[in-house]
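S.K.: Following this message is one structure expressed as structure tokens.
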Amino acid sequence: MMRLDRIESTDPVLIDVIDCFEQPELNDTSFSGKTVDVSEYGMQLAATMKIPVATRLAIRLDLQSTLYRLEGVVRWSRRNGEYLIGLQLDEDSADLVAWTRRFQLDF
């Protein structure tokens, strides 16, 4: 299992449920959350509700006047006071290239 360096972050995020096999009534549900930490191809989110593993999400994240539209799959979910979600970003996300540029170092 590859674990990329994570950057702590507490930015607001809008979360949309695209496809939830375990709880189909969640499909097309939107709710707010915040980032806990982020990396090039994943992020940990704090959410207002429990989201099952394998659920497909779309997120909107507005950072420093740049809007990122990303999609991913929930790899883990647990409750620690609030609901925490581990999201693996999809390579086909609309803004993944722009997102990954934030993590590249200039040499």
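Throughout, read-outs are computed from the coordinates displayed, never taken from laboratory work. It should be emphasised that the depicted structure is a prediction, and the values quoted were computed from it without experimental measurement. Using ideal geometry, Cβ is built from the backbone for each residue, glycine included, and neighbour counts are taken over all protein chains shown.
S.K.: Go through the stretch 1-60 and give me each residue that's among the β-branched types (Val, Ile, Thr) and either over 14 Å from Leu87 (Cβ atoms) or under 9 Å from the mean Cα position of the chain (by Cα) (or both).
M.R.: Ile7, Thr10, Val13, Ile15, Thr29, Thr35, Val38, Thr48, Ile59
S.K.: Find the strands (runs of 3 or more DSSP E) located wholly in the stretch 7-107 whose residues include 1 or more that are surrounded by fewer than 15 Cβ atoms within 10 Å (Cβ to Cβ) and among the hydroxyl-bearing types (Ser, Thr, Tyr), and list them.
M.R.: Because the criterion is at least 1 residues that are surrounded by fewer than 15 Cβ atoms within 10 Å (Cβ to Cβ) and among the hydroxyl-bearing types (Ser, Thr, Tyr), the strands (runs of 3 or more DSSP E) in the stretch 7-107 that meet it are 30-39, 66-80.
S.K.: Within the stretch 3-20, can one find any residue that is touching a strand residue (DSSP E or B) at 6+ places or on another chain (Cβ under 6 Å), without any contact (Cβ under 8 Å) to a residue 60 or more places away in the chain and among the polar types (S, T, N, Q)?
M.R.: Within the stretch 3-20, one or more residues are touching a strand residue (DSSP E or B) at 6+ places or on another chain (Cβ under 6 Å), without any contact (Cβ under 8 Å) to a residue 60 or more places away in the chain and among the polar types (S, T, N, Q).
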